[in-house]
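Right, one structure below, let's go through it.
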Amino acid sequence: MHEVSLVRSLIQQVETIATDNGGSKVTEVRVLIGPLSGVEPMLVRSAFDQLAPTSQIADAKLRIDCTELEAICRDCGESFIVKSYRFQCSGCQSPSVRITSGDEFRLVSLVVEDDPKACLNKVSTK
Amino acid sequence: MNVSNSRTIAVDRDIQLDRKREAAELRNSLTARGTLVVNLVSSPGSGKTSLLEATARHWKQKWRMAVLVGDIATERDAERLEPLVPVKQLTTGGACHLEIGLVKRGLDALPREDFEFLFIENIGNLVCPASHDLAEHRRVVLISTTEGDDKPAKYPKMFRTSDAMLITKTDLLPHVPFSTDAVIADAKLVHDEITALPVCSLTGEGIDQWCRWLEQQRAAIIPSESHR
């Protein structure tokens with residue numbers, strides 16, 4: 001399954017962002033997954049559970065938000081939710097539609113904790 | 001006392017952004033070199049290698065063509081194509097799809113020549129390869145007459161991201177409950193602009209139209225100074 005390869009890349013990106021932003025411990029990773037992303041949320045979670053413990057973000061919890069598959073009709077302009085992967089306008093039945101959401105696999109945000117010992121040291125030197 | 005500062009870092013980034021950029025850069029450089037890249041995808045056994053053999057035989061010396069073949073194991077497909085065209089086998093050792101890094105290594109290993117057509121024969125899999133840009137200009141999905149004409153809606157991302165659908169092994173139509181009209185209708189419900197082409201690599205039926213479609217795609221994408 002290719003979720004393992006993609007989650008490995010996700011973890012590397014999170015590690016880099018956390019380091020670049022001075023964070024010492026990542027406690028949460030939030031991702032957005034759409035129905036046409038090509039990744040299965042359950043498999044993303046199990047890949048994360050498999051890979052995170054041996055990474056630099058071993059304490060991070062994964063939060064997965066899901067989007068709907070939405071499209072806009074190129075003919076009548078109607079926005080609608082795509083049902084059963086039938087790409088057909090719910091208004092005029094035109095098959096000429098553009099996807100507006102639902103193919104994402106995005107890193108939304110991370111929550112980092114700064115080093116508590118560094119904070120304590122600052123307080124005690126005042 | 002434990003004092004910790006928790007803060008949220010907003011990112012909002014496509015997790016595959018770097019790979020997509022890498023693929024886009026490679027695609028641009030291949031366009032500049034006059035090479036049309038075609039990613040062939042399908043289930044195992046739909047006839048990708050046979051199609052490439054038939055394409056090479058049809059064109060003979062008309063166009064310079066090269067192939068990168070992806071497989072989990074063995075070099076059997078490359079061995080079949082070797083007498084006909086420059087080919088490199090990309091062996092993933094277990095990964096169910098090709099990625100851009102492996103394609104780049106394969107390209108470097110091909111003879112240094114500006115091919116008019118580069119075909120990437122993907123791993124036989126209608127699921128994972130749909131999400132991986134291999135720097136192709138065109139993605140072509142194969143579905144054979146023995147697979148069932150209700151497949152397109154079962155693999156929406158693959159059919160949605162493919163520019164053409166080749167219906168292969170048409171010589172078996174009299175013997176299977178497969179409707180060409182039904183599979184085309186199903187594919188168009190997922191992707192209305194997909195081009196459908198029936199072919200038979202064994203008999204040569206439809207190969208001429210397939211090759212003409214490829215030539216039209218190249219003419220539309222490659223700058224005219226690269227045309228013969």
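The values are calculated or read from the model by the stated rules, or taken from the named source; none is laboratory data. Only a predicted model underlies this, so the values are computations on that prediction, with no experimental measurement involved. No Cβ is skipped: glycine too gets one built from the backbone with ideal geometry, and neighbour counts run over all protein chains shown. Side chains included, ligands, DNA and RNA excluded: accessible areas come from the protein's heavy atoms. Shrake-Rupley method; radii C 1.70, N 1.55, O 1.52, S 1.80 Å.
Structural remarks
- Scanning the range A:91-102 for any residue that is more than 11 Å from chain B (Cβ to nearest Cβ), out of contact with any His (no Cβ under 7 Å at 6 or more places or on another chain), outside any helix (DSSP H, G or I) and open to solvent by less than 50 Å² (accessible area, probe 1.4 Å) turns up at least one such residue.
- When A:LEU69 is tested against (1) more than 23 Å from A:GLU104 (Cβ to Cβ); (2) at pLDDT 95 or above, just one condition goes unmet, and that condition is (1).
- Of A:ASP65, A:ASP103, A:ASP75, A:ASP20, all but one fail to be within 30 Å of B:GLY124 (Cβ to Cβ) and acidic (Asp, Glu); the exception is A:ASP103.
- The condition of being on the phi > 0 side of the Ramachandran plot and not acidic (Asp, Glu) holds for only one of A:GLY77, A:GLY23, A:GLY91, A:GLY34, that being A:GLY77.
- Checked against (1) without any contact (Cβ under 8 Å) to a residue 12 or more places away in the chain; (2) at the interface with chain B (Cβ under 8 Å from one of its Cβ atoms); (3) outside any helix (DSSP H, G or I), A:SER9 meets all criteria but (3).
- Residue in the range B:168-186 that is open to solvent by less than 30 Å² (accessible area, probe 1.4 Å), of a type in the set (A, V, I, L, M) and either farther than 29 Å from B:LEU36 by Cα or under 17 Å from the mean Cα position of the chain (by Cα) (or both) present: no
- Checking B:ALA73, B:ALA10, B:ALA24 one by one, the residue that is outside any helix (DSSP H, G or I), surrounded by fewer than 18 Cβ atoms within 10 Å (Cβ to Cβ) and at pLDDT 95 or above is B:ALA10 and no other.
- Members of the range B:27-53 that are more than 14 Å from every other protein chain (Cβ to nearest Cβ), in contact with a helix residue (DSSP H, G or I) (Cβ under 6 Å, 6 or more places away or on another chain) and assigned to a strand (DSSP E or B): B:LEU36, B:VAL37, B:LEU40, B:SER42
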